[in-house]
Amino acid sequence: MAATSILLAGFGGQGVLFAGKFLAYKGLSQGKQLSWLPSYGPEMRGGTANCSVILSDTPVGSPIITEPDVLVAMNLPSLQKFVNSVVPGGKIILDSTLIDAKVERDDIEVFYVPATQLAKDAGFATLSNMILTGKVLKEIDIVSYEGNKETLESFIPAKKAGLIDMNLKALQIGYEL
Amino acid sequence: MAELVLMKGNEAIAEAAIRAGCRHYFGYPITPQTEIAAYMAKKMPKIGGVFLQAESEVASINMVYGAAATGCRVMTSSSSPGISLKAEGLSYIAGSDVPALVVNVQRGGPGLGGIQPSQSDYFQATKGGGHGDYRMIVLAPASVQEMASLTIKGFNLADKYRMTSMILADGTIGQMMEPISFEDAEIEKYEKPWALTGHENKRKHNIVNSLYLQPDALEKTNFERYERYKVVEENEPMWEEYMMEDAEICVVAFGIASRVAKNAVVAARAEGIKVGLIRPITLWPFPTKALRAAAVKCKAFVSVELNMGQMIEDVRLATECKRPVTLCNRAGGMIPSPDQVLESIRAAQKGE
């Protein structure tokens, strides 16, 4: 009877909502109960955006995450805003290319992933979100890594199917860190 | 088991409406319900339906009024300030006894307010909003699945009783995605001999109108309408009970607040507090009988709302003030945390 709450946060345009959507579809494909809740409004236009995903073996109560098990921080303001809300024993996965700061808490696990740099090096600068998501898949137990291709195919429109391979590579880079 | 798909709450409303046979959508954009219009704009032209973005909310509700008079399934959707603009039309639709579906994905108010989720249009939805004596059937979904199922139910009830069904949702349920299926969509069909479909010289012409200058005639329509409302109050209340069997404390909450409240009920049970939840699914008709029954065995009630305390008045009326009812609330687009609700449950347990 497990449930994992994942809060993804960053600037609008970094693919926070897409990464969350991928995790939600991942849950769907593996028979999990789930909720996906985006922040919405003016912050979508360049400010901070965040997205709450809950994957669970039992029905999801509130879709609002107040104490995430996993925080994915893609910029400094997001880290600062949510660092203290992470549940003790929880995890933070952050983009260390963009966040030049260390997390002071010692009751959580922190993974410094230079995702933006890794994405540039791999030739798909916009996919740091999926590198971080690959790392998320490594660190959570509620869904397994297998079946990413099918999951991506299930919600990426056919005319953008050409992007699936890149997304898979990005996930793999993050997963194999 | 039908296939599960992931959808936003707003999209689920639109898809369900189409499945319910709605081919006429008139609206005007406003956050946080715009996905309904966007979905309709995409789908309606492909299935021979009408999507029309009107020049204003006032225009769109009157288009709904006109289409409803012909007996077709028709809807509009908006968010709080937009619903206020539609209030005149809602009253005309009620005064003319035509069926319609209106969606309010609420945001914080009053005034232009904000765009974050709220439940502060409870009074407006359940007590009128427009002028005159009238009621709307008010359905309060708490999940994406219910956004769909209550939309279909709303069309059915609207046709059955010749009145407006309102889906009273909020920004959270509108924007969130959950897995849903459309398997149990039951579309009811009702004869509409009153509809303006052209008499072809075969029958007397029908009139759809809300103007009655003779007070005795107008009074008669009011009394007849309230006879119909009485049947709705008797037959149509819907609610969910959660852990109520041995409950001493009863939490009452609808929509997104009920989801938060459920988390708090589970946490309070873990502390040994006997607490349950009654979730009204219809806000009008209010599940008075369920609340009255709970007042016999529970010693206190907690009303959890995203407003300054609106449903709490109906909780007090339904329980005939036999037990204390406290309010646990946030407003303006804020949502109470499970901890805040838990604190209110603990206080109610101590008799505070």
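How much of the DSSP bridge set in the stretch B:5-235 is antiparallel, in percent, rounded to the nearest 5?
The answer is about 20 percent antiparallel.
Taking a ≥ b ≥ c as the square roots of the Cα gyration tensor eigenvalues, with a/c under 1.5 meaning rounded and otherwise prolate when a/b beats b/c, else oblate, which class fits the stretch B:140-260?
Numbers: a/c = 2.74, a/b = 1.79, b/c = 1.53.
It comes out prolate by the Cα gyration axes.
Add -39500 (n - 2.57) for each DSSP H run of 4 or more in chain B, then divide by its residues: what number comes out at 222 nm, to the nearest 500 deg cm²/dmol?
Values: 12 runs with 147 residues, N = 352.
Value at 222 nm, helices only: -13000 deg cm²/dmol.
Could you sort B:19, A:105, B:107 by their accessible area in this structure, using a 1.4 Å probe and putting the largest first? List each step's numbers first, then the result.
Values: B:19 120, A:105 50, B:107 20 Å².
Largest to smallest exposure gives the sequence B:19, A:105, B:107.
For a quick check, take a GNM of chain B with Cα springs below 10 Å and name the residue from B:71, B:48, B:27 with the largest mean-square fluctuation.
Of B:71, B:48, B:27, the Gaussian network model singles out B:48 as fluctuating most.
Please work out the Cα center distance from the stretch A:103-131 to the stretch B:250-286, rounded to the nearest Å.
Computed from Cα coordinates, the inter-centre distance equals 40 Å.
Residues of A:61-72, mean number of Cβ from any other protein chain within 10 Å of their own Cβ, rounded to a whole number? Don't skip to the answer; put the middle values down first.
Values: counts 11, 15, 11, 11, 0, 7, 3, 0, 0, 0, 0, 0.
Other-chain Cβ atoms within 10 Å of each residue's Cβ, averaged: 5.
With solvent modelled as a 1.4 Å probe, how much accessible area in total do chains A and B shield from it at their shared surface, in Å² to the nearest 100?
Numbers: alone 8590 and 15190 Å², together 22190 Å².
Separately minus together, A and B give about 1600 Å² buried.
Where does each of B:74-82, A:158-166 land if you order them by average Cβ count within 10 Å, highest first? Walk me through the intermediate numbers first.
Values: B:74-82: 26.1, A:158-166: 11.2.
With the highest mean Cβ count within 10 Å placed first, the list reads B:74-82, A:158-166.
Estimate the FRET efficiency between residue B:346 and residue A:141 by the formula 1/(1 + (r/R0)^6), using the beta-carbon distance for r and 41 Å for R0, to the nearest 0.05.
Computed FRET efficiency for residue B:346 and residue A:141: 0.80.
For the protein assembly as shown, give the percent of accessible area contributed by carbon and sulfur heavy atoms, probe 1.4 Å, rounded to a whole number. Don't skip to the end; give the middle numbers.
Numbers: 11810 of 22190 Å².
Taking all protein chains in place, the protein assembly as shown shows 53 percent carbon and sulfur surface.
For residue B:86, list the lysines whose Cα falls under 16 Å from its own Cα; do not include residues on the same chain fewer than 8 positions away.
Once the sequence-local lysines are set aside, what remains near residue B:86 is B:127.
Each label point is 7 Å from the Cα along the Cα-to-Cβ direction; what then is the distance between the points at residue B:313 and residue B:266, in nm?
Taking the simple label geometry, residue B:313 and residue B:266 are separated by 3.4 nm.
Quick one: grab the alpha carbon gyration tensor of the protein assembly as shown, order the square roots of its eigenvalues as a ≥ b ≥ c, and give me rounded if a/c is under 1.5, else prolate or oblate depending on whether a/b is larger than b/c.
Details: a/c = 2.33, a/b = 1.47, b/c = 1.58.
Oblate, since a/c reaches 1.5 and b/c is not below a/b.
What do you get for chymotrypsin sites (Phe, Trp or Tyr not before Pro) in the stretch A:51-137 restricted to DSSP loop and a cutoff of at most 11 other Cβ within 10 Å of the site's Cβ? Provide the component values of the computation, followed by the final result.
Details: sites: A:82, A:111, A:112, A:124; in loops: A:124.
Answer by residue number: there is no such site.
Which peptide among B:312-320, B:10-18, B:159-167 comes first, and what is the full order, when sorted by highest mean count of other Cβ atoms within 10 Å? Walk me through the numbers before you get to the answer.
Details: B:312-320: 19.1, B:10-18: 26.9, B:159-167: 23.9.
So the peptides B:312-320, B:10-18, B:159-167, ranked by packing, come out B:10-18, B:159-167, B:312-320.
Once you put a point 7 Å from the Cα of residue A:104 and another 7 Å from the Cα of residue B:223, both along the Cβ direction, what distance in nm separates them?
7.4 nm
Pop a pseudo-label 7 angstrom from the Cα along the beta-carbon direction at both residue A:120 and residue B:54 and give the gap in nm to one decimal.
Going from the residue A:120 label point to the residue B:54 one covers 5.3 nm.
Quick one: helix B:34-43 against the long Cα principal axis of chain B, what's the angle to the nearest 10°, folded into 0 to 90?
Helix B:34-43 sits at roughly 40 degrees to that axis.
Let me know the charge dipole size of the stretch B:1-81 about its Cα centre in debye, to the nearest 20, where only the beta-carbon of Lys, Arg (+1) and Asp, Glu (-1) is charged. Please report the intermediate quantities before stating the final value.
On the way: 7 positive and 6 negative charges, 51 e Å.
Here the size comes out at about 240 debye.
Under the √(5λ) rule applied to the eigenvalues of the Cα gyration tensor, what semi-axes describe the equivalent ellipsoid of the stretch B:78-224? Give them in Å, descending.
Values: eigenvalues 186, 92, 25 Å².
Gyration-tensor ellipsoid for the stretch B:78-224: 31, 21, 11 Å.
Need the per-residue list for the stretch B:156-176: every residue with at least 20 Å² less accessible surface in the complex of protein chains than in the chain by itself, probe 1.4 Å, sorted by number.
Those are B:172, B:175, B:176, which lose 20 Å² or more relative to the chain on its own.
What pairs from B:43/B:230; A:135/B:8; A:32/A:149 go past 28 Å between their alpha carbons?
Values: B:43/B:230 38 Å; A:135/B:8 26 Å; A:32/A:149 18 Å.
Exceeds cut-off: B:43/B:230.
The values are calculated or read from the model by the stated rules, or taken from the named source; none is laboratory data. Computed from a predicted structure; not experimentally measured. Heads up, the Cβs are rebuilt from the backbone with ideal geometry, glycines too, and the neighbour counts pull from every protein chain shown. Just the protein is used for accessible areas: all its heavy atoms, side chains included, with ligands, DNA and RNA removed. Shrake-Rupley method; radii C 1.70, N 1.55, O 1.52, S 1.80 Å.
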